[in-house]
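Student: Can you keep this structure in mind? I'll have questions shortly.
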Amino acid sequence: MREIKTIGVLTSGGDAPGMNAAIRAVTRAAISNGWKVKAIYRGYEGLINNEIKDFTTESVSNTIQRGGTILKTARSKDFMTPEGRKKAHANMRSHGIDALIVIGGNGSLAGAQAFAREFDVPCIGLPGTIDNDLYGTDSTIGYDTALNTIMDCVDKIRDTATSHDRIFFVEVMGRDAGFLAQNSAIAAGAEAAIIPEDDTDIDQLAQFIGRGIRKSKNSSIVIVSEKDGGAMHYAERVRKEYPQYDVRVTILGHLQRGGTPTAQDRILASRLGVAAIDALKEGQRNVMIGIKNDQIVYVPIERAIKINKPIDRELINVLTVLSI
Ligand code: F6P
């Protein structure tokens with residue numbers, strides 16, 4: 001196996017708070033191990049277009065508290081083609097990059113896997129997405145911050161919901177996963193969450209209405225995952241089927257992806273970044289670094305992206321019990 005002297009680091013897919021803490025950790029851990037660091041801008045797109053710069057420890061100073069990603073990010077269509085990946089590999093080699101650290105979500109890690117297989121390049125993935133949908137890690141970088149942001153927003157929306165006796169459907173991100181919806185609903189004391197993992201979605205609304213808005217409670221908040229029509233879909237249904245209720249929709253959108261990362265995300269990202277360099281030193285390749293039960297784990301990228309991460313039914317029960 002080729003000796004590692006230089007690593008490349010990139011962020012790809014949707015930005016997530018804590019990505020900068022991960023870039024910082026990877027950079028500093030690699031340098032303290034005597035390796036060089038090349039920063040690749042705009043994800044795989046930058047690898048194809050040769051947007052690559054040397055990084056020093058100073059390059060990542062004053063970044064741990066910043067949201068977004070200092071490396072910028074993109075969803076690269078070209079990298080999905082063999083020609084794109086060939087170009088990316090040629091650029092990587094011309095910069096002397098021996099191994100790649102990819103910080104991103106499902107699609108980004110799938111890209112790393114394809115690249116690693118085609119060119120025999122050691123790739124290490126770090127789970128960076130607010131969706132928390134990667135198998136094998138308890139949390140992903142950015143998830144905790146997004147959860148807190150949603151909670152703060154819902155706390156504010158509740159003021160209007162209560163003052164006007166309204167039902168609010170608040171739509172949150174998560175792509176195909178309901179972690180953000182389910183846990184923000186618990187944290188914000190919402191009356192219900194509608195999530196894709198519960199495949200009886202129509203019943204979820206009927207159930208919620210059927211339970212009735214508690215006699216002493218004239219307002220309620222339902223957190224809805226963005227999948228399958230999201231909040232609009234449910235608000236329309238209520239307007240048609242239960243016209244007695246005053247219904248409003250709030251789609252939180254990208255505001256839930258920004259902002260300064262929480263302590264938990266900064267610590268998670270820092271631990272994962274240092275562990276990524278340790279993994280390369282140990283000869284690991286094509287694994288995602290995760291944390292399970294507070295222990296660093298190496299998850300084959302294949303598993304991390306292919307296996308569906310289940311939502312704990314206990315969380316669904318907690319919300320149901322507490323929303324009476
Ligand atoms: O994967 C992160 C995420 O924010 C998802 O929750 C959401 O569905 C998607 O990205 C939105 O992507 P974009 O920023 O490209 O609109």
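Student: Mind checking whether some residue in the stretch 181-188 is closer than 17 Å to ILE311 by Cβ, hydroxyl-bearing (Ser, Thr, Tyr) and under 17 Å from the mean Cα position of the chain (by Cα)?
Tutor: Within the stretch 181-188, one or more residues are closer than 17 Å to ILE311 by Cβ, hydroxyl-bearing (Ser, Thr, Tyr) and under 17 Å from the mean Cα position of the chain (by Cα).
Student: Filter the strands (runs of 3 or more DSSP E) completely within the stretch 6-76 down to those with at least 1 residues that are of a type outside the set (Phe, Trp, Tyr) and within 16 Å of the ligand (Cβ to nearest atom). Don't jump to the end; show me each part of the working.
Tutor: Numbers: elements: 6-11, 36-40, 52-55.
Of the strands (runs of 3 or more DSSP E) lying wholly inside the stretch 6-76, those with at least 1 residues that are of a type outside the set (Phe, Trp, Tyr) and within 16 Å of the ligand (Cβ to nearest atom) span 6-11.
Student: Kindly indicate which of ALA74, ALA30 is crowded, with 24+ Cβ neighbours inside 10 Å, of a type in the set (A, V, I, L, M, F, W, C) and in contact (Cβ under 8 Å) with a residue 12 or more places away in the chain.
Tutor: ALA30
Student: Among ARG271, ARG285, ARG303, which is the only one that is of a type in the set (Lys, Arg) and exposed (fewer than 15 other Cβ atoms within 10 Å of the Cβ)? Break it down stepwise before answering.
Tutor: Values: ARG271 fails: exposed (fewer than 15 other Cβ atoms within 10 Å of the Cβ); ARG285 fails: exposed (fewer than 15 other Cβ atoms within 10 Å of the Cβ).
After ruling out the rest, the residue left standing is ARG303.
Student: Scanning for something small (Gly, Ala, Ser) and more than 16 Å from the ligand (Cβ to nearest atom), does the stretch 137-158 turn up at least one residue? Talk me through it step by step, then tell me what you get.
Tutor: At the first step, the residues of the stretch 137-158 found to be small (Gly, Ala, Ser) are 139, 142, 146.
Pick out the ones that are also more than 16 Å from the ligand (Cβ to nearest atom) and you get none.
The answer is no, given that none of the residues of the stretch 137-158 is small (Gly, Ala, Ser) and more than 16 Å from the ligand (Cβ to nearest atom).
Student: Looking at GLY125, is it under 24 Å from GLY229 (Cα atoms) and among the small types (Gly, Ala, Ser)? Explain how you work it out, then say what you get.
Tutor: Values: under 24 Å from GLY229 (Cα atoms): no; among the small types (Gly, Ala, Ser): yes.
So GLY125 fails the test.
Student: State whether one or more residues within the stretch 232-255 are modelled with pLDDT of 90 or more, small (Gly, Ala, Ser), surrounded by 14 or more Cβ atoms within 10 Å (Cβ to Cβ) and in a helix (DSSP H, G or I).
Tutor: Looking for residues that are modelled with pLDDT of 90 or more, small (Gly, Ala, Ser), surrounded by 14 or more Cβ atoms within 10 Å (Cβ to Cβ) and in a helix (DSSP H, G or I), one finds at least one in the stretch 232-255, hence yes.
Student: Can you pull out the residues in the stretch 113-136 that are within 15 Å of the ligand (Cβ to nearest atom) and under 21 Å from THR27 (Cβ atoms)?
Tutor: Of everything in the stretch 113-136, those that are within 15 Å of the ligand (Cβ to nearest atom) and under 21 Å from THR27 (Cβ atoms) turn out to be GLY125, LEU126, PRO127, GLY128, THR129.
Student: Between LYS53, LYS5, LYS86, which is modelled with pLDDT of 95 or more, under 14 Å from ALA112 (Cα atoms) and surrounded by fewer than 18 Cβ atoms within 10 Å (Cβ to Cβ)? First the steps, then the outcome.
Tutor: Numbers: LYS53 fails: under 14 Å from ALA112 (Cα atoms); LYS5 fails: under 14 Å from ALA112 (Cα atoms).
That would be LYS86, the only listed residue that is modelled with pLDDT of 95 or more, under 14 Å from ALA112 (Cα atoms) and surrounded by fewer than 18 Cβ atoms within 10 Å (Cβ to Cβ).
Student: What number of residues in the stretch 15-34 are aliphatic (A, V, I, L, M) and touching a Gly at 6+ places or on another chain (Cβ under 7 Å)?
Tutor: Residues that pass the stated criteria total 6.
Student: Looking at the stretch 77-105, which of the residues that are assigned to a loop (DSSP other than H, G, I, E, B) and β-branched (Val, Ile, Thr) is nearest to ILE7 (Cα to Cα)?
Tutor: Initially, the stretch 77-105 is screened for residues assigned to a loop (DSSP other than H, G, I, E, B), giving 77, 81, 95-98, 105.
Filter once more, keeping what is β-branched (Val, Ile, Thr): 81, 97.
Working: THR81: 23, ILE97: 5 Å.
In this case the residue turns out to be ILE97.
Student: So which residues in the stretch 256-268 are within 16 Å of the ligand (Cβ to nearest atom) and not in a helix (DSSP H, G or I)? First the steps, then the outcome.
Tutor: Here is the first cut: in the stretch 256-268, the ones within 16 Å of the ligand (Cβ to nearest atom) are 256-259, 261, 265.
Across the stretch 256-268, the qualifying residues are GLY258, GLY259, PRO261.
Student: Kindly evaluate ALA110 against the criterion of being within 22 Å of the chain's Cα centre (by Cα), within 16 Å of the ligand (Cβ to nearest atom) and in the same structural domain as ILE289 (by TED's automatic domain parsing). I'd like the intermediate steps shown before the answer.
Tutor: Values: within 22 Å of the chain's Cα centre (by Cα): yes; within 16 Å of the ligand (Cβ to nearest atom): yes; in the same structural domain as ILE289 (by TED's automatic domain parsing): yes.
Taking the combined requirement at face value, the residue satisfies it.
The values are calculated or read from the model by the stated rules, or taken from the named source; none is laboratory data. All values derive from a computational prediction rather than experimental measurement. All Cβ positions, glycine included, derive from the backbone under ideal geometry; neighbour counts span all protein chains shown.
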